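Scroll down for the structure; my scribbles are underneath it.
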Amino acid sequence: MTLYVLRRLALSVGVLFGLAVVTFFMIHLVPGDPVQLALGGRGTPEAVAEVRGQLGLDRPLLTQFGDFLGGVVTGDLGLSVAQNAPVTEIIGQRLAPSAILIVYGLFVALVIGVPLAIIAALRPNGVVDNGIRLVTTFAFAMPAFWLGLMLALIFGLSLKWFPVSGYESGIGGILRTLTLPAVTLGLSLAVVVVRTLRSSLLEVLQTEYIDAARSRGLGEWRVVGRHALRNAVMATITVLSVDIGFLIGGTVVVESVFQIPGAGSLLVESVRARDYELVQAIALIAGAAVVLLSLATDLLQATIDPRVRLAKR
Amino acid sequence: MSTATLTPPARPSAAGRLLRRVWRQPLPVRIGGVLVGILVFAAVFAPLLAPYGQNDLDFNAQLQGPSLAHPMGTDDTGRDVFSRTLYGLRIDLAVVLFITYVPLPIGVLMGAIAGYFGGKVDLVISRIIDITIAFPFIVLVIAIVAIVGPGLTGIMIGVPIVAWALYARLARSEMLVLREQPFMLATTALGYTRRRAILRHAVPNLMRSSLIYSTVDLVVNLLLLAGLSYLGLGMQPPNAELGTIIAEGQANLLNAWWITTLPGLVLVVFGVGVGLIGDGLSDGELRGGGA
Amino acid sequence: MTAVAQDLPGVADATTDALLSVDGLRVEFGPADAPLVAVKDVGLTIAPGEIVGLIGESGSGKSLTCRSIMRLIGAPGRVTAGTVDFEGRDVLAMSSKELRDFRAHDVGMIYQDPFSSLNPVMRIGDHLRETLRANRGMSKAEARAEGIALLERVGIPDPERRYLSYPHELSGGMRQRVMIALATASRPRLLLADEPTTALDVTTQAQILDLLTDMRRELGMAVLVVSHDFGVIAQVCDRVCVMYGGHVVETGPVERIYADPQHPYTKALLDSVPDMESAGNPVRREGIPGYPPELTDVLPGCVFAPRCAHARPGCTSVPMVLQPVDAAAPDAGSTACPVRPFSVGGPFDPVAGSPPDPVAVPVSPQPAAATAAMTAAETAARAQTGDPGDLPAPGEARITQPTDQESTR
């Protein structure tokens, strides 16, 4: 187990380093001068040179990269030219709504997805299964921003159950302001949960140990709930760990639809404002979040399934 | 099937054969084919089918609900939403085809190379794939768009830079299996060049599952494209694109629901159609493999 | 498919007090209008405490028969005819509650592959505790004590530690012992053993078979051993049923079957098994020419006739019916071969169905040389039709493989 964790950690650190390299050079190697772009029309050559000096952009690229890496490790992601404030500070203020939205969305996806998957797998190709398949086909084809608008139209503007924009903290505030966004985010993920959990349940239900459990006279609920689900959940966790990126990416769109002041809407604002330092930092943080969360799910899997610890990667 | 409709076949008999082949498929695949076929037809012939120009303003007909004159109503400047949707679909489908099928062969080739050679080559390519996939797809694309500048060009550069990695991962894992197959081993025994072994023998086999997977990707990319345009990072106004039409309608969501709802439904119908075809194809694949 | 389901004479005496009797069992796959029939018409009986072997090649329907007894045939397979009678109760007609009770208390089953019949994410103890609590209503503590006792009884060293192990931490033989402990946890009267030793190495095989006979003696339970290996069957069984192509072709005491097989298929099967005498001096045994029937094949007569060295023209039209080997000795078992005794080219003697083709009636005894000649002729005929007789699998394409092999994936 220790060896597995160490190996997995080493891999994650490698990928994190790769992320830093990609984000750094993506911004610094492209043609065009970010400072010039950021200052827009106001950028006299003197002003550009001054800002460049201020940001250390006039030094050799590798020195800059070294500084950048050092900054990443110490939690200093530079200065936003447009807002004239430390990047980490700006992002820090907007992380909480995004994190809550992701967790809430995941919760919605599981609450909807898991029961539907079980029902579908118990009677494969039955009426219910086909109905669920049709619904998921529709749900999969819906653009998140459009679904969000439709929910806002129905439950916000028409029924007036929820506000259609903004964010409030506190349990009550979160439930009021983040329910529609979380449902929007969760529905598209629920489709993935239903499909993968259904097919892996079907696969597991074919195995001999399920047969053997039945042959010992165990009830169907016990067979499915205890023997099959625990194995099938593995596949779902794998898929979820792949889809963490999808979930984080989804917040970009959903936050913009519901005007939630999160990191996702900040990314869009930064692109519009040509604030490259912010874009770079958000991309790096989003990538790092994916890497760390998938590390967490892998370790979770190793806890659930003893075989994973032995498996070679 | 979409490509066949986009580029008219040389001989009419080929179209007939294709139709007959489509008609032998299971019902969901046929329904999906009809839905996608109608939308592709509408997109290709948008200039002929659209009753108005995409940017024809009519200040005497602002925010009108669906009617015979305006099947999808009008927006706040009196533009015909139906015409804008047709033009929008046209540009969307063209861009989606590009951003789906440009990265596909690149990814398959990279995956095939990684899987075929193994060792250091595999290590390097695999790490690049890992890092590319580690970013949330849309975040990385947005970052690239930020550099290139908002607009369709940014998306057409950004998506392929990221999307190839998904195909590469798929192809690599298949290549690892394929490499041990007798006919691949035979290419070595027969003294074929590696280039020939990979390009002529492995890649055609690997394309199959990537092509099936690409049906899912078509929908994902369409939604991504519309989403980025909705965020103002894709198609720039005033020209129509489904995401921008929806974004423009958001201000009048309650009093002119049709501007956001109906173009969105077109996206949903396309996605459902492709989904039905994709499901049928992968089911058929499973049946073929099991029997 | 006019085969008449009949009680098996010869075993009939045992059926009066049989523990289990299966009759006219038919198992189908695929569409209802064009089914693939995997088990065509199978009957067998097991007396209390008896060990019966079910032997046949893969695809003969022996495993399906075994699983039908517990109603464990999963979709798309289904039992379409026949009865499975356990102590006067029809298993096939049980409600799901009755079925669960039946599985929980009356029968147990062990599988070919102990690597896949234990849930990989559950500890050995979890399996035992769950079964004991559900089926014997034990408390947690009782279940733990009993579970460890069960492990000890099946010969697992250090049972307390093994109770906490995961399946992948055990060897194949140990896992099979765990499966036996699980299957016998509620002291069933019948144990179904589906190829219990096939996945194990030879020494472990013998140990597991010993354990099975011990457990049978200790618990007084009957055992049905399904195997393709006559050696396994001969080692533990009292009686044996030979299956071929979804039919029971011969049944009888192990000694009689071994010494004097009354069906050409049984003989061929025995001939293909290397015996002890030839062990040090390997002789290449004759396989049976041809292939077992495909599920799609519809053969009106004897299913073995197309491969049978002793076949008469009438064999392909007479329905398969088991008849006593020796009317005077019912315990000697029965055979489905109408040519009796086939070994000396005896008279063609069908009991049911249409009379034999006139041309087919008694021919002079066939010496072994003629048999060999016939086989040779058959092989030659196959060669002419471009049908290589030694292809490994019947499903393979019989056309010459195309040269551009990338298309044949």
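Quick one: A:Glu168 ticks every box in (1) away from chain B (no Cβ under 14 Å); (2) among the charged types (D, E, K, R); (3) without any contact (Cβ under 8 Å) to a residue 24 or more places away in the chain; (4) assigned to a helix (DSSP H, G or I) except a single one, so which number is it?
Unmet condition: (4).
Could you list all residues from the stretch B:26-49 that are in contact with a Lys or Arg (Cβ under 6 Å, 6 or more places away or on another chain) and under 14 Å from B:Val269 (Cα atoms)?
Hit for the stretch B:26-49 is B:Ala43, nothing else.
Give me the pairs: first residue in the stretch C:197-225 and touching a residue at least 40 places away in the same chain (Cβ under 8 Å), second residue of a type in the set (Asp, Glu) and outside any helix (DSSP H, G or I), beta-carbon distance under 7 Å, and six or more apart or on different chains, which are they?
C:Ala199/C:Asp113; C:Ala222/C:Glu50
Looking only at the stretch B:134-171, which residues are within 12 Å of another protein chain (Cβ to nearest Cβ), crowded, with 21+ Cβ neighbours inside 10 Å and either farther than 21 Å from B:Leu233 by Cα or among the acidic types (Asp, Glu) (or both)?
Matches in the stretch B:134-171: B:Ala134, B:Ala165, B:Leu166.
Would you tally the residues in the stretch C:156-165 being closer than 24 Å to C:Ala104 by Cα, touching a residue at least 12 places away in the same chain (Cβ under 8 Å) and assigned to a helix (DSSP H, G or I)?
Number of matching residues: 1.
Does any residue of the stretch C:62-83 turn out to be surrounded by 19 or more Cβ atoms within 10 Å (Cβ to Cβ), under 13 Å from the mean Cα position of the chain (by Cα) and either away from chain A (no Cβ under 14 Å) or assigned to a strand (DSSP E or B) (or both)?
Checking the stretch C:62-83: at least one residue is surrounded by 19 or more Cβ atoms within 10 Å (Cβ to Cβ), under 13 Å from the mean Cα position of the chain (by Cα) and either away from chain A (no Cβ under 14 Å) or assigned to a strand (DSSP E or B) (or both).
Working only within the stretch A:144-165, note down all residues that are touching a residue at least 24 places away in the same chain (Cβ under 8 Å) and either more than 14 Å from chain B (Cβ to nearest Cβ) or part of a loop (DSSP other than H, G, I, E, B) (or both).
A:Val164, A:Ser165, listed by residue number.
Please pick out the residue among C:Val178, C:Val232 that is assigned to a helix (DSSP H, G or I), within 14 Å of chain A (Cβ to nearest Cβ) and under 28 Å from A:Ala213 (Cα atoms).
C:Val178
Would you confirm, using the coordinates I've provided, whether A:Thr196 is away from chain C (no Cβ under 14 Å) and either crowded, with 24+ Cβ neighbours inside 10 Å or touching a Cys at 6+ places or on another chain (Cβ under 6 Å) (or both)?
In short, no.
Give the stretch B:59-70 a look and list any residue that's within 19 Å of B:Gly88 (Cα to Cα) and touching a Gly at 6+ places or on another chain (Cβ under 6 Å), or say none.
Listed by number, the list holds a single entry, B:Pro66.
With within 14 Å of chain C (Cβ to nearest Cβ) and either closer than 15 Å to B:Ala146 by Cβ or in contact with a Leu (Cβ under 6 Å, 6 or more places away or on another chain) (or both) as the only criterion, which of A:Tyr276, A:Tyr209 stands out?
A:Tyr209
Which of the residues spanning the stretch A:116-158 are over 14 Å from B:Val272 (Cβ atoms) and aromatic (Phe, Trp, Tyr)?
Listed by number, the residues that qualify are A:Phe145, A:Phe155.
Determine whether the stretch B:59-72 contains at least one residue that is surrounded by 22 or more Cβ atoms within 10 Å (Cβ to Cβ) and either among the hydroxyl-bearing types (Ser, Thr, Tyr) or not in a loop (DSSP other than H, G, I, E, B) (or both).
no
Which condition does B:Gln181 not pass, out of (1) crowded, with 20+ Cβ neighbours inside 10 Å; (2) within 11 Å of chain C (Cβ to nearest Cβ), if it passes all the others?
(1)
Of the residues in the stretch A:162-191, how many are closer than 14 Å to A:Ile248 by Cα and among the acidic types (Asp, Glu)?
Residues meeting the conditions: 0.
What residue, among those in the stretch C:122-150 that are aliphatic (A, V, I, L, M) and not in a helix (DSSP H, G or I), is nearest to the other protein chains (Cβ to nearest Cβ)?
Among them, the one singled out is C:Met122.
Identify, from the list B:Val220, B:Val216, B:Val203, the residue that is free of Cβ contacts under 8 Å to residues at least 12 places away in the same chain and within 12 Å of another protein chain (Cβ to nearest Cβ).
B:Val220
For the stretch A:227-262, name all the residues that are closer than 27 Å to C:Asn119 by Cβ and among the β-branched types (Val, Ile, Thr).
A:Val233, A:Thr236, A:Ile237, A:Thr238, A:Val239, A:Val242
Has the stretch B:85-105 got at least one residue that is at negative phi and in contact with a Lys or Arg (Cβ under 8 Å, 6 or more places away or on another chain)?
Looking for residues that are at negative phi and in contact with a Lys or Arg (Cβ under 8 Å, 6 or more places away or on another chain), one finds none in the stretch B:85-105, hence no.
Taking into account only those residues within the stretch A:216-226 that are closer than 21 Å to C:Asp113 by Cα and touching a Ser or Thr at 6+ places or on another chain (Cβ under 9 Å), which is surrounded by the fewest Cβ atoms within 10 Å (Cβ to Cβ)?
Among those that are closer than 21 Å to C:Asp113 by Cα and touching a Ser or Thr at 6+ places or on another chain (Cβ under 9 Å), it is A:Leu218.
Can we say C:Asp201 is surrounded by fewer than 24 Cβ atoms within 10 Å (Cβ to Cβ) and either modelled with pLDDT of 90 or more or farther than 24 Å from C:Pro120 by Cα (or both)?
Criteria not met by C:Asp201.
Would you tally the residues in the stretch B:223-256 being surrounded by fewer than 19 Cβ atoms within 10 Å (Cβ to Cβ), at pLDDT 85 or above and away from chain A (no Cβ under 11 Å)?
0
Conditions tested, residue by residue: (1) assigned to a helix (DSSP H, G or I); (2) without any contact (Cβ under 8 Å) to a residue 40 or more places away in the chain; (3) not β-branched (Val, Ile, Thr).
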| position | (1), (2), (3) |
| --- | --- |
| A:Asp76 | no, yes, yes |
| A:Arg94 | yes, no, yes |
| A:Ala99 | yes, yes, yes |
| A:Leu110 | yes, no, yes |
| A:Gly131 | yes, yes, yes |
| A:Phe138 | yes, yes, yes |
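For A:Thr238, are the conditions met, namely being more than 7 Å from every other protein chain (Cβ to nearest Cβ), among the β-branched types (Val, Ile, Thr) and buried (at least 23 other Cβ atoms within 10 Å of the Cβ)?
no
Filter the stretch C:97-119 down to residues that are more than 7 Å from chain A (Cβ to nearest Cβ) and either aliphatic (A, V, I, L, M) or in a loop (DSSP other than H, G, I, E, B) (or both), then give me how many there are.
Residues flagged as more than 7 Å from chain A (Cβ to nearest Cβ) and either aliphatic (A, V, I, L, M) or in a loop (DSSP other than H, G, I, E, B) (or both) within the stretch C:97-119 amount to 7.
In the stretch C:250-288, how many are acidic (Asp, Glu), at pLDDT 85 or above and in a loop (DSSP other than H, G, I, E, B)?
Number satisfying all stated conditions: 1.
For residues that are at positive phi and surrounded by fewer than 22 Cβ atoms within 10 Å (Cβ to Cβ), scanning just the stretch C:8-34, find the one that is modelled with the lowest pLDDT.
The selected residue is C:Gly30.
Among (1) away from chain A (no Cβ under 12 Å); (2) assigned to a helix (DSSP H, G or I); (3) more than 20 Å from C:Val236 (Cβ to Cβ); (4) modelled with pLDDT under 90, there is one condition C:His168 misses while meeting the rest; what is its number?
Of the numbered conditions (1) away from chain A (no Cβ under 12 Å); (2) assigned to a helix (DSSP H, G or I); (3) more than 20 Å from C:Val236 (Cβ to Cβ); (4) modelled with pLDDT under 90, the odd one out for C:His168 is (1).
The values are calculated or read from the model by the stated rules, or taken from the named source; none is laboratory data. Keep in mind that what you see is a predicted model, and the values were worked out from it rather than measured. Cβ coordinates were reconstructed from backbone atoms using ideal geometry, including for glycine residues, and neighbour counts include every protein chain displayed.
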